[in-house]
Structures are given as structure tokens and as C-alpha cells.
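Let me begin by presenting the structure, written as C-alpha cells, before commenting on it.
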Amino acid sequence: MSTEPWANGWWAEARAIPSPNFGPRPEGIALDLVVLHSISLPPGEYGGDGIERLFTNTLDWDAHPYYDQIRGTEVSAHFVIRRDGECLQFVSVHDRAWHAGRSSWQGRDNCNDYSIGIELEGLEDTPFDPPQYATLARLLQALGATWPIRGIVGHEHVAPGRKRDPGRAFDWAGLGATLQRCWPRATPTASPLPELPAAPGAQA
Ligand SMILES: [Zn+2]
């Protein structure tokens, strides 16, 4: 592992697959939110290249009947964590990825402006695998040491009624306990909306 975890917003532990689906963040904005998602393409099928094809605009829309529902969509997330814990990065954290859509957190709209999006390969309401939580904890630790993260929420929490991911099977209590160990100033919580103070050394 590199001693320099980030270069230009790219995590040394992640495999970089640059996506064209991003834009600039608003000038001077603090990155204080992480939005967790789940995705699998086709839904419920793991291990294929559908997600990276979607995020790089190279998905064959005719390859599966489900793809008709998302035909032409241009989306991305900063990170994808596969079932085996492998982390892929598609957009630099410094840039604005297109993952949350119409969304709001603590009265602030457009979560994409100030959040970091992490997709877990999976299906809403279906348990995620232990290697995914292990990678997620390392990634959140690295993010929290670099950016002033205050909240870790699900897509379902910033777009209620419109989105349901990562869903009921996501282990928020376990994540809270892990963060307490690896991120000493994190507030212990079993709530689906952990409120975290800025990590030591965090900068805007
Ligand atoms: Zn989502």
C-alpha cells in the first residue's frame, strides 16, 4: 500500500477506470457527505462488467432486457466496491460524480455537489458480503482523514420515495461500530444516518 493514499483525488488502493461522466464541483465547497448506493447489472447478477460499462458509457443496451429501462443513462460514482472487496474508482474525489440525482441532505439540495458516491455491488434489501464492508471501512477511513466528512447516508435517505438503495439489508450498526474503531472521533450510532464530526486533520 502506498504511503500517499491520494493523488489528485484518486485512491491508491483502488483500480482506476476513468469515467467521462463528471463535472466540476462548485468553487470552494466542503466535501462533508458520503452517499452509499447499491448497484448490480443486470440486477442481482454479480461479477460481470456491466457496472463499469455503464459508468464508461460502453454498455450494450440490447444485451439484457433490463437495460432498456436505463437506456442512454449517463451516470457515475466515485467508487464501486465489488463483492470480493475490490475497489474501482471512476471519478476523482475532487470532481463531481453523477450518482445522487435529485437529492437533499440537511436542507441542502444537489448532494452531488458536496458528496462522495460509493456504490456497493449488490441488490436492495439483499445482504452485502464481508469483504465489501472491510473495503468500505478502509475507504471511509482514508476519506475521513482527508476530507471533512460529517455524514454517511444511503441514497434512500437523500432521495426518499424515489430511491431505495442500499436498502434494509445494509448493516448500518456494524458500519457504525467499525468506524468507531478505525475513526476514533466518530459518534457511535445504530441509526441509518450517522452524524460524524470532522476527522482529525480533515481539511475543507
Ligand atoms: Zn443509488
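Throughout, read-outs are computed from the coordinates displayed, never taken from laboratory work. Since we're looking at a predicted model, the values are computed, not measured. So basically every Cβ, Gly included, is an ideal-geometry build from the backbone, and we count neighbours across all protein chains shown.
Sequence gap at least 6, Cα distance under 8 Å: using those rules, report the relative contact order of the chain to the nearest whole percent.
Over the chain, the number comes to 24 percent.
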For this session: Taking only Cα atoms and a 10 Å spring cutoff, compute GNM fluctuations for the chain and point out the largest among G47, G28, G117.
Result: G28
Problem set entry | Tilt relative to the chain, helix 130-144 - C-alpha long axis, 0 to 90 degrees, to 10 | 50 degrees
Problem set entry | Cα-based Kirkwood hydrodynamic radius, the chain, one decimal, Å | 16.9 Å
Seminar exercise, completed: Fewest to most Cβ atoms within 10 Å: W10, W105 sort as W10, W105
Problem set entry | Modelled FRET efficiency - R0 35 Å, R168 with R108, Cβ distances, 0.05 increments | 0.85
Exercise. Under a plain spin-label model, where a point goes 7 Å from the Cα along Cα-to-Cβ, how far apart in nm are T56 and D84?
Worked result: 1.7 nm
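Using a Förster radius of 41 Å, what is the FRET efficiency between E45 and A12 based on their Cβ-Cβ separation? Nearest 0.05, please.
0.90
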Exercise. Can you give the angle from 0 to 90° between the axis of helix 172-182 and the longest principal axis of the chain, with both taken from C-alpha atoms, to the nearest 10?
Worked result: 50 degrees
